[in-house]
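Written below as structure tokens is the structure these notes are about.
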Amino acid sequence: MVYVFLHELKHIQFSSDPDNRPGPLEEELLCDDYARSFLFDKVAIYSKMSGDDLEKVVSKRAMAVALASFLIFELTPPEARYGTDSHPHFKDRIKHVLDFPALKPDENYWLYLGSILLTKLRLLGVNPKGFWFNTRKQFCESVYEDFSNHAF
């Protein structure tokens, strides 16, 4: 929920300076980037202070971003998922999450995001193709391909 709050906070910051406000589609992705930046830029400092393993903290936060993105997808009316004048096509938003973060190919994050996408496919009644992969990231990318072809 922090991710969603930070995303909306950035919209408020943009609205306070209308002369320098980006276009609506660009603003949406910039708000996503702002929220991610807030959660990840100083994660190493948090990890060191807490004594938690840095890779695990990054992976858990990335999973939270994936979950928040998918919750937004579920709350978006189906007709708006294809993109509007003010919001990007959801396929692009999910791709934006896929391209982030630079985690190792076998991190749990990739399995988590791939599983969320696979679950949605199954709920849509789609029988996904067979997946051949060597890493969890490749699994996630394969599921995303099916998701982007069937969920929209």
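Where a number appears in this text, it was derived from the coordinates with a stated rule and is not lab data. Keep in mind it's a predicted model, so treat the numbers as computed, not measured. All Cβ positions, glycine included, derive from the backbone under ideal geometry; neighbour counts span all protein chains shown.
Annotations for the structure displayed:
- At the listed q of 0.17, 0.20, 0.25, 0.33 Å⁻¹, the Debye profile of segment 96-142, built from one uniform point per Cα, gives log10 I(q)/I(0) equal to -0.48, -0.64, -0.92, -1.24.
- Label-point separation, LEU30 to GLU145 (7 Å along Cα→Cβ), nm: 3.5 nm
- Among 76-89, 106-119, 12-25, the peptide with the highest mean count of other Cβ atoms within 10 Å heads the list, and the full ranking is 106-119, 76-89, 12-25.
- A simple packing score, the average count of other Cβ atoms within 10 Å per residue, orders the peptides 65-75, 50-60 as 65-75, 50-60, with the highest score first.
- Cross-link pairs LYS95/LYS137; LYS56/LYS129; LYS60/LYS104; LYS56/LYS120; LYS60/LYS91; LYS10/LYS48 - those with Cα-Cα distance over 21 Å: LYS56/LYS129; LYS56/LYS120; LYS60/LYS91; LYS10/LYS48
- Cα pair distances in segment 44-114, grouped into 10 Å bins until the bin that holds the longest one, percent each: 19, 41, 26, 12, 2
- Ranked by the mean number of other Cβ atoms within 10 Å of their residues, highest first, the peptides 3-10, 137-144, 36-43 come out as 137-144, 3-10, 36-43.
- Farthest toward the positive end of the dipole of segment 1-59, out of TYR34, LEU6, LEU54, is the Cα of LEU54, where the dipole comes from beta carbon charges about the Cα centre.
- Distance (nanometres) between label positions extended 7 Å along Cα→Cβ at ASN20 and ASP92: 2.4 nm
- LEU103 paired with GLN13, simple spin-label distance in nm, labels 7 Å along Cα-to-beta-carbon: 2.5 nm
- Ellipsoid equivalent to segment 7-152 - semi-axes via the Cα gyration tensor, in Å: 26, 24, 11
- With contacts taken as Cα pairs under 8 Å at a separation of at least 6 residues, the chain carries a relative contact order of 20 percent.
- Spatial separation of Cα centroids for segment 129-150 and segment 44-75, in angstrom: 22 Å
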